[in-house]
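Reviewing the structure listed below.
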Amino acid sequence: MFTGIVEELGEILAVEQGVESAVVRVRGPLVSSDATAGASIAVNGVCLTVIDVIDGAFTADVMAETLNRSSLGALEPGSPVNLERPMTLSTRLGGHIVQGHVDGVGNIVSRSPGEAWEIVTVSLPASLSRYVVEKGSITVDGISLTVTEVTDSTFSVSLIPATLELTTLGRKTVGDPVNLEVDVVAKYVERLLGDRA
């Protein structure tokens, strides 16, 4: 479990593509400082399992399911990535409950700069739109954000200067893909109410 509060902006060092999987090597001195084989690290919001840690970088497998449901398959050496270690029982929950299980991929539709912030609008897959509400939480590339506006096919978020500076969303341009994870509570509520009907 994660909080969606990015700890470090890392970098993809290598991608070894398989037929239906990949192995990635990621530079992230902070998040790998206490990681061991078997540990979890969220990479752009995708929970990956560490294979090994060497010199401030870690290696992880990426399976077909993850490649199909996320934008990790488009990463290449030099790509910046948002990194976060899992929360502990003593961690402050600064964002919201994030599983690291990406529900789908959206694309940046527009960026509108403000005085000290920026409004970013993202396309919303039809299968996820029922889980997104104004003032609700959504995870975009592993970043816990508050939805400021939602339509049937898009949602918008306001990014503060720290988010623009310290995460990949400060570098993404119109058309770029982003990983989306909707609030897990909404999915559980839907399932429970559906079972009652």
Is there a residue being without any contact (Cβ under 8 Å) to a residue 60 or more places away in the chain and either in contact with a Gly (Cβ under 8 Å, 6 or more places away or on another chain) or at positive phi (or both) anywhere in the range 167-186? yes
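The rows are residues; the columns are (1) closer than 17 Å to GLY73 by Cβ; (2) part of a helix (DSSP H, G or I); (3) of a type outside the set (Phe, Trp, Tyr).
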| position | (1), (2), (3) |
| --- | --- |
| VAL6 | no, no, yes |
| LEU13 | yes, no, yes |
| GLU16 | yes, no, yes |
| GLU20 | yes, no, yes |
| VAL26 | yes, no, yes |
| LEU30 | no, yes, yes |
| ALA35 | no, no, yes |
| GLY38 | no, no, yes |
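I'm trying to understand the selection: among the residues of the range 158-183, which are assigned to a strand (DSSP E or B) and closer than 17 Å to ASN44 by Cα?
Looking only at the range 158-183, we keep the residues that are assigned to a strand (DSSP E or B), and these are 158-159, 177-182.
Scanning the range 158-183 gives LEU159, PRO177, VAL178, ASN179, LEU180, GLU181, VAL182.
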For the subset of the range 12-69 comprising residues that are touching a helix residue (DSSP H, G or I) at 6+ places or on another chain (Cβ under 9 Å) and of a type in the set (Asp, Glu), which member is modelled with the highest pLDDT? ASP55
Assuming GLU190 fulfils every condition listed in (1) over 19 Å from PHE2 (Cβ atoms); (2) in a strand (DSSP E or B) apart from one, which condition is it? (2)
Of the residues in the range 136-157, those that are closer than 16 Å to GLN99 by Cβ, outside any strand (DSSP E or B) and in contact with a helix residue (DSSP H, G or I) (Cβ under 7 Å, 6 or more places away or on another chain) come to ASP141
Restricting the search to the range 69-95, which residues are within 21 Å of VAL185 (Cα to Cα), out of contact with any His (no Cβ under 9 Å at 6 or more places or on another chain) and surrounded by fewer than 20 Cβ atoms within 10 Å (Cβ to Cβ)? PRO86, MET87, THR88, LEU89, THR91, ARG92, LEU93, GLY94
State all residues of the range 40-53 that are assigned to a strand (DSSP E or B) and within 16 Å of PRO77 (Cβ to Cβ); if no residue qualifies, say none. VAL43
Single unsatisfied condition, ASP152 versus (1) on the phi > 0 side of the Ramachandran plot; (2) at pLDDT below 95: (1)
List pairs: first in the range 18-30 and surrounded by 12 or more Cβ atoms within 10 Å (Cβ to Cβ), second of a type in the set (S, T, N, Q), Cβ under 6 Å, 6+ apart or cross-chain? ARG25/THR59
I need the full set of residues from the range 138-157 which are among the small types (Gly, Ala, Ser) and farther than 14 Å from VAL109 by Cα, in order please. GLY142, SER144
Could you say whether any residue in the range 84-103 is within 19 Å of THR139 (Cβ to Cβ), out of contact with any Phe, Trp or Tyr (no Cβ under 8 Å at 6 or more places or on another chain) and in a strand (DSSP E or B)? no
VAL133 fails exactly one of (1) outside any loop (DSSP other than H, G, I, E, B); (2) under 18 Å from LYS187 (Cα atoms); (3) aliphatic (A, V, I, L, M), namely (1)
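The values are calculated or read from the model by the stated rules, or taken from the named source; none is laboratory data. Quick caveat, the model's predicted, so the values are computed rather than measured. Note that we place each Cβ from the backbone using ideal geometry, even for glycine, and neighbour counts take in every protein chain shown.
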